[in-house]
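Report on one structure; see the data block that follows.
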2 protein chains.
Amino acid sequence: MVKGASLDATFGALSDPTRRAIVEKLTKGDASVGELAEPFDVSLPAISKHLTVLERAGLVERTKEGRTRRCRLVDEPMRDALEWIASYGQFWEGQLDSLERFLTEAKRGRNL
Amino acid sequence: MVKGASLDATFGALSDPTRRAIVEKLTKGDASVGELAEPFDVSLPAISKHLTVLERAGLVERTKEGRTRRCRLVDEPMRDALEWIASYGQFWEGQLDSLERFLTEAKRGRNL
């Protein structure tokens, strides 16, 4: 997939609150489709549809473990999206500095 | 607008290559609708439609100067989107470090 099309898909995938919540959950570790559906008041097929959108955007990989499908987050598209936004940060006066501070704090808070 | 709805709109707005190109152009300075339409093989009404999407997402502000409409980029929604992605960066092993390096290089390259 060329980068432009990939950014279309990544930003499109992230434009939905359920899909962002799935991404958030997967940052804490791999999960089955059932585990991902749990916090939401939506059906398994609905979650599966969201997962397909995330999968097409390359954000999520689904693998089969016996009868269970495990989902895993893929970091590259998120990093590309982040870099795209950050690369235009030069127009935000001082914003890169505040982002750096934010990152430093995020790392400190998580003991990275 | 609540933050969730705002992120929906921001990511949705950024999921289109023409809209991303408009954002890129506006990072270099304010522009009229005509100036924004110039590099694209699309009609003024089509550009205007894209601008409406960007405006609804809070990314662009249109002001009237005589008979011309000037467009200006608003940084806050982009920063929110960036922070949303970055805040889940803890799951990318070492990615925050590489983003910091990227930001340092971006700042050096632009003499900020």
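Candidates are the residues of segment B:20-34 that are more than 12 Å from the chain's Cα centre (by Cα) and either charged (D, E, K, R) or assigned to a helix (DSSP H, G or I) (or both); the one that is farthest from the other protein chains (Cβ to nearest Cβ) is B:34. Picking from residues in segment A:30-56 that are of a type in the set (A, V, I, L, M, F, W, C) and either over 13 Å from residue A:19 (Cα atoms) or in contact with an Asp or Glu (Cβ under 6 Å, 6 or more places away or on another chain) (or both), the one that is surrounded by the fewest Cβ atoms within 10 Å (Cβ to Cβ) is A:44.
Residue B:55: in contact with a Lys or Arg (Cβ under 7 Å, 6 or more places away or on another chain) and without any contact (Cβ under 8 Å) to a residue 24 or more places away in the chain, yes or no? Considered against the rule, which asks whether it is in contact with a Lys or Arg (Cβ under 7 Å, 6 or more places away or on another chain) and without any contact (Cβ under 8 Å) to a residue 24 or more places away in the chain, residue B:55 comes out as yes. Scanning segment A:8-19 for residues that are facing chain B (nearest Cβ under 7 Å) and either outside any helix (DSSP H, G or I) or buried (at least 21 other Cβ atoms within 10 Å of the Cβ) (or both) returns A:11, A:14, A:15, A:16.
Taken over segment B:60-112, the criterion of being outside any helix (DSSP H, G or I) and at pLDDT below 80 is satisfied by B:88, B:92, B:93, B:94, B:110, B:111, B:112. Every condition in (1) part of a helix (DSSP H, G or I); (2) more than 16 Å from residue A:84 (Cβ to Cβ); (3) modelled with pLDDT of 95 or more holds for residue B:5 except the one numbered (3).
The residue that is farthest from the chain's Cα centre (by Cα), among those in segment A:57-83 that are surrounded by fewer than 20 Cβ atoms within 10 Å (Cβ to Cβ) and not charged (D, E, K, R), is A:66. Residues that are within 12 Å of the chain's Cα centre (by Cα), part of a loop (DSSP other than H, G, I, E, B) and among the charged types (D, E, K, R) do not occur anywhere in segment B:35-43.
The values are calculated or read from the model by the stated rules, or taken from the named source; none is laboratory data. Quantities reported herein were computed from a predicted structural model and do not represent experimental measurements. Note that each Cβ is placed from the backbone with ideal geometry, even for glycine, and that neighbours are counted across all protein chains shown.
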